[in-house]
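Below: the structure, in structure tokens.
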Amino acid sequence: MRENQASASPLDRALRLFSDVRSGEGITVVLLALNVFLLLTAYYFIKPLREALILDESGAEIKSYASALQAIILLGAVPAYGALAGRLPRRQLINRVTLFFAACLVGFFVLGRMGLNLGVVFFLWVGIFNLMVIAQFWSFANDLYTNDQGERLFPLVQFGASAGAVFGSVVVGKLIDPLGIWIPMLIAAGILVASLLVTGAVERRSAAGSRPGPEPAPEDGDEEQSTGARKRKSGTGAFALVFKSRYLLAIALLMLFVNWVNTTGEYILGSVVEDTAHAAVASGAAAGQSAGQYIGSFYSDFFAVVNVAGLLLQLFVVSRIVKYLGIQIAILVLPIIALGSYSLIAFMPVLGIVRWAKTAENSTDYSLQNTVRQTLFLPMTRDQKYKAKQAIDAFFWRAGDVLSALAVWIGTTWLALDASGFAKFNIILVLIWLGVAFWVGREYTRRVRAGFGADGSAVESQGGR
């Protein structure tokens, strides 16, 4: 231990204020944090624009239905990504996918300046961009670290994501009024290209000696053989990998419920904000803003507050929860908060209550829950990390949107539910979510104990080497 302390760099020692960073780990974790910082900055440059376009052009109900369409699109996009991942080295894969999305942003800028209505199309695209690019980054991070390293260092990497979300939402809020909603798309495209430079730096450090950790051994319900697990990619499809593993399938179900609850909550917030915006414009209380600008400004401020809270949680709370309570407890924190939030909304469905309840839920989601979510993939093969993770983070996540859209349609068309009614429905979903989260947390702990030593090295008797 003394030798480790002596060989630690000043950066390593400084980062130990926030997490257990060991000698030689500081530079790579900072580069990874910078990488995801840029990706989240780009995302939060365009997220308020997405809300402004679709709510102003179409309304909260169409937004909910558009979320469901994303899952249908992902039925084709996920297998296409899996096929690409099976043919390309990870650096080429990341470069091509990121550059594709950057080019799309330039295209949206051109079409928007031509006066086309892009609300629904842009909403669909942003949802796919966010899930696929961010999931790809975390597949990359999972590929670099062992289970022990991931549990220690992912809170710092996720801090980069939280910081990028804060920076992006604050900056774009100041740009919407002077620049409108199209020019920030070009800035976001440039940020995506810049992120590839950081990815390259991390890749070079990995090639120079920071090798990925050993593969976990296949366990009950995982059909890959140990020889196949040592290969970086296999011919098995993304969805097949999910359905061959009880653990992966449970994570998929967990993600479905997380997003089902969150998306229904976003509908509650969106409908209240939409009504407030149009009422403010009609009464002259919007200070000369259009309804779209009012909504865009509201969401910019809302995201900024959520992300600042998430940033503080990530910096000072998350690593300590993971270290002292473990993943098995950490995975239960968000559903408990959501249970309290929707119980409050059910009885007081006014804008102030809805906003701050969603702030508590979302800030925990973007910090602790996101860290836990990425950590769950550590005791897996590389094939599962790149392919199955895309299926779970993209399709199964969006399947929650489909179910939310169905619930909104039934609730508004047949049951005449208001914000209070939808909040009560969410309470039922959260109770199921709690049960699934408990099983996944227990299974994660079992897998780690069965497949890894305390230092992150694979157990030889189970084929880890």
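Looking only at segment 130-164, how many residues end up being under 23 Å from Val306 (Cβ atoms) and under 11 Å from the mean Cα position of the chain (by Cα)?
Residues in segment 130-164 being under 23 Å from Val306 (Cβ atoms) and under 11 Å from the mean Cα position of the chain (by Cα): 11 in total.
If I ask for residues that are outside any loop (DSSP other than H, G, I, E, B) and at pLDDT below 80, which ones from segment 366-383 would you list?
Arg382, Asp383
Read through the list (1) more than 20 Å from the chain's Cα centre (by Cα); (2) crowded, with 17+ Cβ neighbours inside 10 Å, then give the number of the only condition that Val126 fails.
The failed condition is (1).
Residue by residue, here is whether (1) crowded, with 16+ Cβ neighbours inside 10 Å; (2) at negative phi; (3) modelled with pLDDT of 75 or more holds:
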| residue | (1), (2), (3) |
| --- | --- |
| Leu40 | yes, yes, yes |
| Glu51 | yes, yes, no |
| Ser58 | yes, yes, no |
| Lys63 | yes, yes, no |
| Ile72 | no, yes, yes |
| Leu84 | no, yes, yes |
| Ala102 | yes, yes, yes |
| Leu105 | yes, yes, yes |
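Out of the residues in segment 330-349 that are in contact (Cβ under 8 Å) with a residue 60 or more places away in the chain and assigned to a loop (DSSP other than H, G, I, E, B), state the one that is farthest from Val436 (Cα to Cα).
Pro349
Only one residue in Val261, Val281, Val272, Val242 is buried (at least 19 other Cβ atoms within 10 Å of the Cβ), farther than 28 Å from Tyr444 by Cα and either free of Cβ contacts under 8 Å to residues at least 24 places away in the same chain or in contact with a Leu (Cβ under 7 Å, 6 or more places away or on another chain) (or both). Which one?
One residue alone meets the criteria, Val272.
Quick one: would you say Leu403 is in a helix (DSSP H, G or I) and closer than 15 Å to Pro335 by Cβ?
No; evaluated as a whole, the condition is false for this residue.
Determine which member of the set Leu406, Leu351, Leu417 is at pLDDT below 90, surrounded by fewer than 19 Cβ atoms within 10 Å (Cβ to Cβ) and under 21 Å from Ile128 (Cα atoms).
Of the residues listed, the single one that is at pLDDT below 90, surrounded by fewer than 19 Cβ atoms within 10 Å (Cβ to Cβ) and under 21 Å from Ile128 (Cα atoms) is Leu406.
Does Thr371 satisfy being among the β-branched types (Val, Ile, Thr), closer than 20 Å to Ile134 by Cα and crowded, with 17+ Cβ neighbours inside 10 Å?
yes
I need every pair where a residue in segment 413-432 that is without any contact (Cβ under 8 Å) to a residue 60 or more places away in the chain and part of a loop (DSSP other than H, G, I, E, B) has its Cβ under 9 Å from the Cβ of a residue that is surrounded by 14 or more Cβ atoms within 10 Å (Cβ to Cβ) and of a type outside the set (A, V, I, L, M), sequence separation at least 6 or different chains.
Leu415/Gly421; Leu417/Gly411; Leu417/Lys424; Leu417/Phe425
Which of (1) of a type in the set (Phe, Trp, Tyr); (2) farther than 19 Å from Asn259 by Cα; (3) without any contact (Cβ under 8 Å) to a residue 60 or more places away in the chain does Phe109 not meet, given it meets every other one?
For Phe109, the exception is condition (3).
Restricting attention to segment 282-294, does a residue exist that is hydrophobic (A, V, I, L, M, F, W, C), over 26 Å from Ala419 (Cα atoms) and assigned to a loop (DSSP other than H, G, I, E, B)?
yes
The values are calculated or read from the model by the stated rules, or taken from the named source; none is laboratory data. Note that the structure is a prediction, hence the values are computed from the model and not measured. Note: ideal-geometry Cβ built from the backbone for every residue, glycine included; neighbour counts use all protein chains shown.
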